[in-house]
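S.K.: Let me give you the structure first, and then I'll get to my questions.
We did not get these values from a lab; they are worked out from the coordinates using the rules stated. Bear in mind the structure is a predicted one, so any value in this text is a computation, not a measurement. Here Cβ is always computed from backbone atoms with ideal geometry, including for glycine, and neighbour counts include all displayed protein chains.
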Amino acid sequence: MKECLGNVRNRVPLVHNITNYVTVNDVANALLACGGSPIMSDEAEDVEDITSICGGLNINIGTLHKTSIEGMFRAGRKANELGHPVLLDPVGAGASALRTDTALELMRELRLTVIRGNISEIKTLALGSGTTKGVDADVADAVTEETLDDAVAFVREFAKSAGCIIAVTGATDLVSDGERCYVIRNGRPEMGKITGTGCQLSGIMTAYAAANPGRLTEACAAAVCVMGLAGEIGWSRMQEGDGNATYRNRIIDAIYNMTGEELERGARYELR
Amino acid sequence: MKECLGNVRNRVPLVHNITNYVTVNDVANALLACGGSPIMSDEAEDVEDITSICGGLNINIGTLHKTSIEGMFRAGRKANELGHPVLLDPVGAGASALRTDTALELMRELRLTVIRGNISEIKTLALGSGTTKGVDADVADAVTEETLDDAVAFVREFAKSAGCIIAVTGATDLVSDGERCYVIRNGRPEMGKITGTGCQLSGIMTAYAAANPGRLTEACAAAVCVMGLAGEIGWSRMQEGDGNATYRNRIIDAIYNMTGEELERGARYELR
Amino acid sequence: MKECLGNVRNRVPLVHNITNYVTVNDVANALLACGGSPIMSDEAEDVEDITSICGGLNINIGTLHKTSIEGMFRAGRKANELGHPVLLDPVGAGASALRTDTALELMRELRLTVIRGNISEIKTLALGSGTTKGVDADVADAVTEETLDDAVAFVREFAKSAGCIIAVTGATDLVSDGERCYVIRNGRPEMGKITGTGCQLSGIMTAYAAANPGRLTEACAAAVCVMGLAGEIGWSRMQEGDGNATYRNRIIDAIYNMTGEELERGARYELR
């Protein structure tokens, strides 16, 4: 995985983000921390020019607004035309009709490289229904060691039918291209108490995909390991009285300082 | 007040925020820190679905935009229909006609549970005029020990006429339901040098209201004490060279770590 | 330069920001840190009222959207009418037609006090073309000791023809009013790994211009020194394991704590 990290640091992929206004600043700093470079633009008349100078496109529907939906499609089509990787983060799919429908339409209209979400969001897209509670995964859907075999089979199957990489993140993370499935066990539960760690991961994953065209699945899995490992390193630096605001900073700091060797040593995954 | 805090931590209320893009990330992290869960959505076609899965609605007009005003009304009516608490934070009411008019119309059209603002904003809503200077309270309006009796009377009267809880925050905070009035003396003046501590409080207060339906006034007062006490605890952890950016993080950290006992010991209020 | 800093702290200029949603929170906290006060509003129907109570206007096109372009023009015309300083930060000019065209039209329609950008953005505006790569300056454009004479001549000339102060920031910063040119060597390269240090500087520079009407060029140069020196001070406080997230906070902290004497001692500039 260290080659994937090295490629991001060496190639400094410029990532076009159409993302929510809640976590956008952290996404930008996380992208810079991992070695990429962020640019944000959601205006329909701006996105084609912007995505053309980028290496990848990250579409996140966390604060979906009618004024930016057209921009998602136009940017996505242009990125497809240029052969750039396109990631969809279907935040809150299942929680509202607009989000579910838009995510499904983006899947139909665009050639997505990867969809990254929590298990409830991904199930919504796969099954056309879900039990999404807000922007967090439903407990009933959680990927645990008991449900792991089923979850792996589900993710692999959905990746095959959707024709793209599926990354489900939670306590255990799964990344599959329809054949192989990475099962990743990095991370800390306290990351769920910070807004936007998932959004940050989507930005980083787009940078990893853009910088590693020949090994997309491994690159997406590496991005998951980077984020989870940063969560572990950041946590190890927490001091008495620190809480989720400081933890947020320490995670991004850990991404910033992460070396390929550190990633190689700390990544905890198996291939199924 | 510790029961109010405990209820938030146990019930993890999901709060729908239609809020400004300046402080939205801190609102989300403050909500997570206090034990709630945030979701943001301002698109008119999205808000009804979103608010339906939530326990409370926080409307903040800090960067009021025509594209989100309709969403405020639609979300508010749906929340009213479902019996969810609805909070209005009239940021900058008095500073522009659009803000003043929209806040007044939200008051007329919706059944608000609580309005939280600085004294200038609240006076604008009560009296139809004000001396709001930007998003900070005017010095001439300040609630001091000298003007306290008058301020308490004003807030109680406005709460009665408006039919909702009024929370005025500043050096001294007042929370009244038209009968009782909490006078709260937690907090630090340096909190005014951080953008969005008021917005964070509005988010937290909505979570407290959602998790404590049987004791709304106490819950709103408890939220004020949490924020003010976190400001004191955060300040006590400041080190040489720290400034408002670090202080922002330390306050949210303090909210994250606050226990019911700590709140009970640290809350400084009287009931009038 | 300490008088410029003192005037900001004493006069607490209220700055109206129409700015991107990526870095807006940091802009607000940086403005508070330097002694100013921020207010954000981009809705066309809101901006005239808001800018009227302010002392300066900061227009930043970092996430340019059709819904806020009209607000930029209306706010700008009102600020011109009232004699308020108006700053343009042409983020990404050269990277898209919409950004380039909007920036050029803002230059034509408004009486700008200062334009602050990286060298690629400024070249785009001056020459009608550029090699902007995203939101960062192109390496080929960089102001180095070798190209300094040419760069000074270019900036001075453009300031003269544009009729406003031009501030080009990068490894070496240049601020010229068409006659004098400040060459400033504060700052750290690692500041480029934080999103929005340029946006923060634009906010601060607007506050400095608003509080120092009699010495605008010096005020803009002082703002550049404040930001760069804060970058140096913040860096000196970095500890093992800290990265760009913590660095972001330390820079704003350093702005918050900076005294006039510290600025006078630390500012590294020459006048050409």
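S.K.: What is the dipole size for the protein assembly as shown, taken about its Cα centre, with +1 at each Lys and Arg Cβ and -1 at each Asp and Glu Cβ, in debye to the nearest 20? Intermediate results must be reported in sequence, preceding the final value.
M.R.: On the way: 78 positive and 108 negative charges, 71 e Å.
Rounded to the nearest 20 debye, it is 340 debye.
S.K.: Separate question: Where the centre of each part is set by its Cα atoms, how far does the stretch A:4-70 sit from the stretch C:29-104, in angstrom?
M.R.: 23
S.K.: How about the stretch A:236-267: which GluC sites (Glu not before Pro) there are in a DSSP loop, with at most 16 other Cβ atoms within 10 Å of their Cβ?
M.R.: On the way: sites: A:GLU240, A:GLU261, A:GLU262, A:GLU264; in loops: A:GLU240.
Those satisfying the criteria are A:GLU240.
S.K.: Report, in whole Å, the centroid distance computed from the Cα atoms of the stretch B:136-156 and the stretch B:223-254.
M.R.: Rounded to whole Å, the Cα centres lie 25 Å apart.
S.K.: Here is a follow-up. Over chain B, what is the mean sequence separation of C-alpha contacts under 8 Å (at least six apart), divided by residue count, expressed as relative contact order in percent?
M.R.: 22
S.K.: Within a Cβ distance under 11 Å of C:GLU43, other residues only, what is the Lys/Arg minus Asp/Glu net charge?
M.R.: With Lys, Arg at +1 and Asp, Glu at -1, the neighbours total -3.
S.K.: Do any GluC sites (Glu not before Pro) in the stretch B:18-97 lie in a DSSP loop with no more than 15 other beta carbon atoms within 10 Å, and if so, which?
M.R.: For GluC sites (Glu not before Pro) across the stretch B:18-97 that sit outside H, G, I, E and B with at most 15 neighbouring Cβ atoms in 10 Å, the list is empty.
S.K.: I need B:LEU174, B:LEU106 ordered by Cβ neighbour count within 10 Å, fewest first. Intermediate values should be presented prior to the final figure.
M.R.: Numbers: B:LEU174 26, B:LEU106 21.
Least crowded to most crowded, the residues run B:LEU106, B:LEU174.
S.K.: Please give the net charge around C:ALA97, taking every other residue with its beta carbon less than 9 angstrom from that of C:ALA97, where Lys and Arg add +1 and Asp and Glu add -1. Could you put the intermediate results ahead of the total?
M.R.: Details: positive: C:ARG99; negative: A:GLU45, A:ASP46, A:ASP49, C:ASP101.
Overall, the nearby charge balance is -3.
S.K.: If you average over every viewing direction, what projected area does the convex hull of the Cα atoms of the stretch B:87-184 give, in nm²?
M.R.: In nm², the orientation-averaged hull projection of the stretch B:87-184 is 5.3.
S.K.: Defining the label point at 7 Å along Cα→Cβ, can you sort the distances from C:GLU232 to the same site in each other copy, shortest first, in nm?
M.R.: Here the equivalent label points are 4.1, 4.1 nm apart from this one.
S.K.: For chain A, what is the calculated [θ] at 222 nm in deg cm²/dmol (nearest 500), taking -39500 (n - 2.57) for each run of four or more DSSP H residues and dividing by its residue count?
M.R.: Numbers: 11 runs with 141 residues, N = 272.
Computed ellipticity for chain A at 222 nm equals -16500 deg cm²/dmol.
S.K.: Between C:ILE53 and A:MET238, what is the label-to-label distance in nm when each label sits 7 Å out along the Cα-to-Cβ direction?
M.R.: Calculated label separation equals 4.0 nm.
S.K.: Same structure again: Which pairs in the list B:LYS66/C:LYS78; A:LYS123/A:LYS160; C:LYS66/C:LYS160; A:LYS193/C:LYS66; C:LYS2/C:LYS123; A:LYS123/B:LYS66 are over 23 Å apart, alpha-carbon to alpha-carbon? Could the numbers behind the result be given before it?
M.R.: On the way: B:LYS66/C:LYS78 20 Å; A:LYS123/A:LYS160 14 Å; C:LYS66/C:LYS160 31 Å; A:LYS193/C:LYS66 35 Å; C:LYS2/C:LYS123 31 Å; A:LYS123/B:LYS66 34 Å.
Result: C:LYS66/C:LYS160; A:LYS193/C:LYS66; C:LYS2/C:LYS123; A:LYS123/B:LYS66 exceed 23 Å.
S.K.: Let me ask something else about it. Pick from C:GLY243, C:GLY76, C:GLY228: which is most flexible by mean-square fluctuation in a GNM of chain C where alpha carbon atoms under 10 Å apart are linked?
M.R.: Greatest mean-square fluctuation among the candidates belongs to C:GLY243.
S.K.: For chain C, give the share of DSSP beta bridges that are antiparallel, in percent and rounded to the nearest 5; count only bridges with both residues there.
M.R.: Here the share of antiparallel DSSP bridges comes out near 35 percent.
S.K.: Distance in nm between label sites at B:GLU70 and B:GLU179, each 7 Å beyond Cα in the beta-carbon direction?
M.R.: For the pair B:GLU70/B:GLU179, the computed spacing is 4.2 nm.
S.K.: Okay, moving on. Quick one: among B:GLY260, B:GLY128, B:GLY241, which has the greatest mean-square fluctuation in a GNM of chain B with alpha-carbon springs under 10 angstrom?
M.R.: B:GLY241
S.K.: Further question on the same structure: What list of ³J(HN,Hα) couplings, whole Hz, do you get for the stretch A:192-206 from phi and the Karplus terms 6.51, -1.76, 1.60, once you set θ to phi - 60° and write x for glycine and proline?
M.R.: Calculated HN-Hα couplings, in order: x, 8, 10, 6, x, 5, x, 4, 4, 4, 4, x, 4, 4, 5 Hz.
S.K.: Continuing with this model, one more query. Taking square-rooted eigenvalues a ≥ b ≥ c of the alpha carbon gyration tensor, is the stretch C:2-271 rounded, prolate or oblate, where a/c under 1.5 means rounded and, failing that, a/b exceeding b/c means prolate?
M.R.: rounded
S.K.: Using the 7 Å Cα-to-Cβ label point, sort the distances from B:ALA153 to its equivalents in the other copies shortest first and give them in nm to one decimal.
M.R.: Here B:ALA153 shows inter-copy label distances of 7.5, 7.5 nm.
S.K.: Tally the DSSP beta bridges in the protein assembly as shown and give the antiparallel ones as a percent, rounded to 5.
M.R.: Given both bridge residues lie in the protein assembly as shown, the antiparallel proportion sits at roughly 35 percent.
S.K.: Averaging the inverse of every distinct alpha carbon separation and then flipping it gives the Kirkwood radius. What is it for the protein assembly as shown, in angstrom units?
M.R.: Across the protein assembly as shown, the inverse of the average 1/r is 26.5 Å.
S.K.: Could I ask something else about it? Could you work out the relative contact order of the stretch B:46-205? I mean the mean sequence separation of Cα pairs under 8 Å and 6+ apart, divided by the number of residues, in percent.
M.R.: 17
S.K.: Label position 7 Å from Cα toward Cβ: report the copy-to-copy distances for A:GLU81 in nm, one decimal, ordered from shortest.
M.R.: 4.2, 4.2
S.K.: Could you work out how far apart the two model spin labels at B:GLU105 and B:ARG268 are, taking each label as a point 7 Å from the Cα in the direction of the beta carbon, and quote it in nm?
M.R.: 4.2
S.K.: Follow-up. Of the residues B:THR206, B:THR23, B:THR113, which exhibits the maximal mean-square fluctuation in a Gaussian network model of chain B defined by a 10 Å Cα contact cut-off?
M.R.: Ranking B:THR206, B:THR23, B:THR113 by mean-square fluctuation puts B:THR23 first.
S.K.: Which single residue of chain C puts its beta carbon nearest to the axis of rotation relating C to A, and what distance, in whole Å, does that give?
M.R.: C:TYR21, 3
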